[in-house]
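See below for the structure under consideration.
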Ligand SMILES: Cc1cc2nc3c(=O)[nH]c(=O)nc-3n(C[C@H](O)[C@H](O)[C@H](O)COP(=O)(O)O)c2cc1C
């Protein structure tokens with residue numbers, strides 16, 4: 001039988017499935033529940049320095065092919081993570097935890113990195129999908145290579161832990177953004193965050209979400225995620241958490257063939273529940289056994305050779 005364990009930035013995962021940021025990742029008990037259901041690791045919802053309000057309802061719309069959300073990165077702030085979430089999760093820890101953080105300037109990102117480092121996460125993930133100023137016209141850091149690199153450099157100076165950069169697919173050339181982050185000291189990547197999306201209720205003649213537009217995730221975005229992972233792996237060779245539209249064991253195998261070392265899943269929970277993690281892992285085992293794969297090292301990035 002295949003051995004599904006993988007090492008990512010020196011951290012051992014029993015299997016490559018990881019809860020993506022923003023879904024069930026608010027409390028220690030919900031994170032632990034995902035691990036009980038078979039996930040190899042978990043990611044927290046994006047943590048801010050201070051409490052951050054989200055958008056007004058409705059914030060979500062799901063169909064059988066895609067999912068649209070404008071939750072708006074609501075969060076209770078770093079104090080809750082430091083005092084409650086991490087101490088509670090780290091008691092009898094059963095799987096690695098990735099702390100996903102977000103802020104609006106390099107200085108604030110650096111300060112937050114220092115605080116979160118003390119919580120002893122296995123990996124720190126910088127969500128660079130957020131605008132670089134507190135108004136509607138700010139560009140997400142990950143849209144400009146130099147801006148992304150500035151944040152990475154500032155955070156690199158504040159932690160010795162593995163630093164993963166979460167990139168947005170909403171750019172012309174994701175590989176060049178990844179290269180700039182790698183030069184600034186990133187250890188790996190998570191790709192992708194959501195694409196831009198909007199849905200209109202034709203009876204009401206207005207957008208469905210209160211925020212009008214939102215982030216698109218779910219089955220329909222898998223090809224974008226596979227291409228982003230392929231391009232980042234080719235450009236940097238660094239470890240990647242392949243995320244976006246992964247619903248089944250075969251989807252997970254596919255994104256690993258593009259170059260992913262871990263597989264992030266968020267919207268999958270909407271379709272298959274938290275139990276979906278165990279099911280995806282079982283499907284991966286079945287595929288590997290059927291295809292004579294003994295270790296995932298045999299398939300990570302194998303499609304790059306074609
Ligand atoms: C409801 C919801 C909330 C999310 N919140 C966050 C978040 O707080 N931070 C973040 O980096 N990504 C967030 N994401 C993006 C996911 O982590 C993931 O990158 C994206 O949804 C694509 O993967 P999926 O198709 O498996 O969901 C969120 C996604 C959804 C659907």
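Values computed for the structure shown
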read-out: More than 21 Å apart - percent of Cα-Cα pairs taken over segment 160-306; value: 48
read-out: Rounded Å value of the spacing that divides the Cα centres of segment 1-39 and segment 218-291; value: 13
read-out: Paramagnetic label zone (point 7 Å from Cα along Cα-to-C-beta, residue 65; backbone N under 17 Å) in segment 192-208; value: 195-202
read-out: Segment residue 272-residue 210, length gained on full extension (0.36 nm per residue, minus Cα span); value: 19.7 nm
read-out: Cα gyration tensor category, rounded, prolate or oblate, for segment 6-305 with a/c compared to 1.5; value: rounded
read-out: Over the chain, relative contact order from alpha-carbon pairs under 8 Å, at least 6 apart, %; value: 19
read-out: Fraction of beta bridges assigned by DSSP in the chain that are antiparallel (%, nearest 5); value: 40
read-out: 222 nm mean residue ellipticity, helices alone, for the chain (DSSP H n ≥ 4; -39,500 (n - 2.57); rounded to 500); value: -9000 deg cm²/dmol
read-out: Spacing of the two label points (7 Å from each Cα toward its C-beta) at residue 105 and residue 203, in nm; value: 4.8
read-out: GNM top mover of 266, 197, 244 - the chain, alpha-carbon springs below 10 Å; value: 197
read-out: Rel. contact order, % - alpha carbon contacts under 8 angstrom, at least six apart, segment 161-278; value: 23
read-out: DSSP beta bridges in segment 1-159 [antiparallel fraction, %, rounded to 5]; value: 50
read-out: Taking only Cα atoms of segment 39-189, radius of gyration then Dmax in Å; value: 15.4, 44
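Read-outs throughout are calculated quantities, based only on the coordinates presented, and are distinct from any laboratory measurement. All values derive from a computational prediction rather than experimental measurement. Please note: Cβ atoms are built from the backbone with ideal geometry, for glycine as well, and neighbour counts cover all protein chains shown.
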